[in-house]
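Here's the structure, in structure tokens; my notes come after.
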Amino acid sequence: MSAPIQTDTLIIGAGPVGLFQVFELGLLGLKTAVVDALPHIGGQCVELYPDKPIYDIPAVPVCTGQQLTDQLLAQIKPFLPPFYLGQQVERVEKRGEGDFVVQTSAGTVFHTRAVFIAAGVGAFAPRKLPVEGLEPFEGQNFNYRVKDPSRYHGKDVLIFGGGDSALDWAIELADKANVVLVHRRSVFKAAPASVARMRQLCAEEKMQYLEGRAAELIERNGVLKGIKVKSTDGVTRAVHCDEVLCFFGLSPKLGPIAEWGLALDKKSIVVDTEKFQTSTPGIFAVGDINTYPGKKKLILSGFHEAALAAFGAYSYLNPEEKVLLQYTTTSPKMHARLGVDDPYKDEEL
Ligand code: FAD
């Protein structure tokens, strides 16, 4: 285990709200570091819908999940913190006021004065295909997300699921790969237009659809070669393929967060709406992970929460000091922190 890393504050989660938390802390002069269990930045926006449009970010009429993440990264550039990716925070322990020890699954230890939990729906845990012996193939030719669509071009691809992700990818790959979609029943969660498109592609013999469930893996010399599918007509068919994609959604798992002694309500962390502080002073929770009366799990709500949590943390760390609200437009202090020239410096406002 390497030496502990000292940081003013620590953010758990690099989703949109964790990223905006960096910005709000930076404006108040607080340094931070960010940890995420995923190997990349962006939370749900990048993991679940990088190419889908978002329409309700204030002053941004439309952007995709990836674009929102890129814009947030551009915005936090003046305060760019170290990111510790691909490691889950397992332990958060309070040793005293303004004194926390945080430890990750990779053995990284942080000593920090305040903690921000921006952990969304918890550590991402894709719902697994219920067949035995899957583990060795996960991340090989069995995957829960598409990292590089070109990997599937010209191949036999078996896709499981009946939601938007499964149908979107089946449709997207239909003219580039030999796609077989498997869903357990005739009712789909996906948008009706996608279901209609999928049926049309099947009628045109551009892809195939099977109603049934995965029964058994087909493995040869340690390589996954396909899956036996038990169809609803009672027949079990061996579907040979090069690649398998499974889109059964995510099971919201709080994971280790449930063990940190914080007040919870139905898998969410209870916070106040003044500082977005948890039941443990010095630990704040923002974004999808928290709950309070009227909570809406929207990105814009998380942004508001991040601003107030930053002020809350500043007061917690500097109880003698009054925190003044300053505008980024006019405050020389903010300009210095942002590293920008004051455009109005010669004007009287
Ligand atoms: P997340 O984005 O969930 O990020 C949390 C991060 O924390 C994750 O990266 C996770 O890996 C990490 N993490 C969790 N636990 C740990 C741990 N113990 N250690 C380390 N890391 C951890 N919202 C809108 O406002 N508008 C929309 O149009 C919209 N469309 C959506 C479409 C879809 C398909 C989905 C699924 C969601 C949509 N949302 C939308 C909701 C929006 O994505 C969430 O509100 C937002 O992502 C919450 O941001 P967050 O930063 O709180 O959490």
*When ligands, DNA and RNA are left out and all protein chains stay put, how many square angstrom of accessible area per residue does the chain have with a 1.4 Å probe?*
50 Å²
*Mind telling me which of 301, 150, 251 comes out most flexible in a GNM of the chain, alpha-carbon contacts under 10 Å?*
150
*Of the residues 106, 310, 33, which exhibits the maximal mean-square fluctuation in a Gaussian network model of the chain defined by a 10 Å Cα contact cut-off?*
106
*Tell me which residues come under 5 Å, amide H to amide H, from residue 232 once H is placed; ignore anything under 5 positions away on its chain.*
211, 212
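So if we plug the beta-carbon distance of residue 91 and residue 203 into 1/(1 + (r/R0)^6) with R0 = 41 Å, what FRET efficiency do we get, rounded to 0.05? List each step's numbers first, then the result.
Values: r = 55 Å, r/R0 = 1.33.
That pair, residue 91 with residue 203, gives E of 0.15.
In debye, nearest 20: dipole of the chain around its Cα centre with unit charges on the Cβ of K, R (+) and D, E (-)?
Working: 37 positive and 41 negative charges, 220 e Å.
Roughly 1060 debye, rounded to the nearest 20.
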*Most mobile of 115, 182, 60 per a Gaussian network model of the chain (Cα springs, under 10 Å)?*
60
*For 62, 22, give the ranking by accessible area with the largest first, probe 1.4 Å.*
62, 22
*Distance from the Cα centre of segment 96-116 to that of segment 119-140, in angstrom?*
28 Å
*So how much slack lies between residue 138 and residue 60, counting 0.36 nm per residue of separation and subtracting their Cα-Cα distance, in nm?*
24.4 nm
*If amide H atoms are built 1.01 Å from N in the plane of the peptide, which residues on other chains or at least 5 residues away come under 5 Å of the amide H of residue 290?*
269
*Under 17 Å from the 7 Å Cα→Cβ point of residue 131, by amide nitrogen: which residues of segment 140-180?*
140-145, 156-162, 179-180
*If you look at just the Cα atoms of segment 196-349, how large are its Rg and its Dmax in Å?*
27.1, 80
*In sequence order, what are the phi-derived ³J(HN,Hα) couplings for segment 101-116 according to the Karplus relation 6.51 cos²θ - 1.76 cosθ + 1.60 with θ = phi - 60°, rounded to whole Hz, with x for glycine and proline?*
10, 10, 10, 9, 5, 8, x, 6, 10, 10, 10, 9, 9, 8, 10, 10
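List the pairs from 128/228; 128/296; 94/297; 52/189; 230/253 whose alpha-carbon separation is above 25 Å, in the order I gave them.
Pairs exceeding 25 Å: 128/296; 94/297; 230/253.
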*So how exposed is residue 83, as accessible area in Å² (1.4 Å probe, rounded to 10)?*
50 Å²
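Using a 1.4 angstrom probe on heavy atoms only, work out the carbon and sulfur share of the accessible area of the chain in %. Spell out each step's value before the answer.
Working: 9080 of 17610 Å².
In the chain, the share of accessible area belonging to carbon and sulfur is 52 percent.
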_residue 331-residue 111 pseudo-label distance in nm [points 7 Å out on the Cα-to-Cβ vector]_ = 2.9 nm
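Please state the charge dipole magnitude for segment 178-220, taken about the Cα centre, from unit charges on C-beta atoms (+1 on K and R, -1 on D and E), reported in debye and rounded to the nearest 20. Kindly include the intermediate steps, with their values, before the conclusion.
Details: 8 positive and 5 negative charges, 43 e Å.
It comes to approximately 200 debye.
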*Mind ranking 156-162, 220-226, 281-287 by how tightly packed they are, going by the mean number of other C-beta atoms within 10 angstrom, highest first?*
281-287, 156-162, 220-226
*asked:* Not counting ligands, DNA or RNA, and with a 1.4 Å probe, what is residue 218's accessible surface area in Å² rounded to the nearest 10?
replied: 20 Å²
*asked:* I'd like to know which of 234, 169, 129 lies farthest towards the positive end of the charge dipole of segment 128-248, counting +1 on Cβ of Lys and Arg and -1 on Cβ of Asp and Glu.
replied: 234
*Based on the inverse mean of 1/r over its pairs of different Cα atoms, what is the Kirkwood hydrodynamic radius of the chain, in Å?*
22.4 Å
*Roughly how many whole Å is it from the C-alpha centroid of segment 219-290 to that of segment 14-53?*
19 Å
*Kindly identify segment 1-154 as rounded, prolate or oblate by the Cα gyration tensor criterion: order the square roots of the eigenvalues as a ≥ b ≥ c, call it rounded if a/c is under 1.5, otherwise compare a/b with b/c, prolate if a/b is larger, else oblate.*
oblate
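What's the FRET efficiency of residue 279 with residue 340 using the Cβ-Cβ distance as r and R₀ = 41 Å, to the nearest 0.05?
Numbers: r = 38 Å, r/R0 = 0.94.
The computed FRET efficiency comes out at 0.60.
The values are calculated or read from the model by the stated rules, or taken from the named source; none is laboratory data. Nothing here was measured: the structure is a model prediction, and the numbers come from that model. Glycine gets a Cβ as well: all are built from the backbone with ideal geometry, and neighbour counts include every protein chain shown. Note: areas computed on protein heavy atoms with side chains; ligands, DNA, RNA excluded. Shrake-Rupley method; radii C 1.70, N 1.55, O 1.52, S 1.80 Å.
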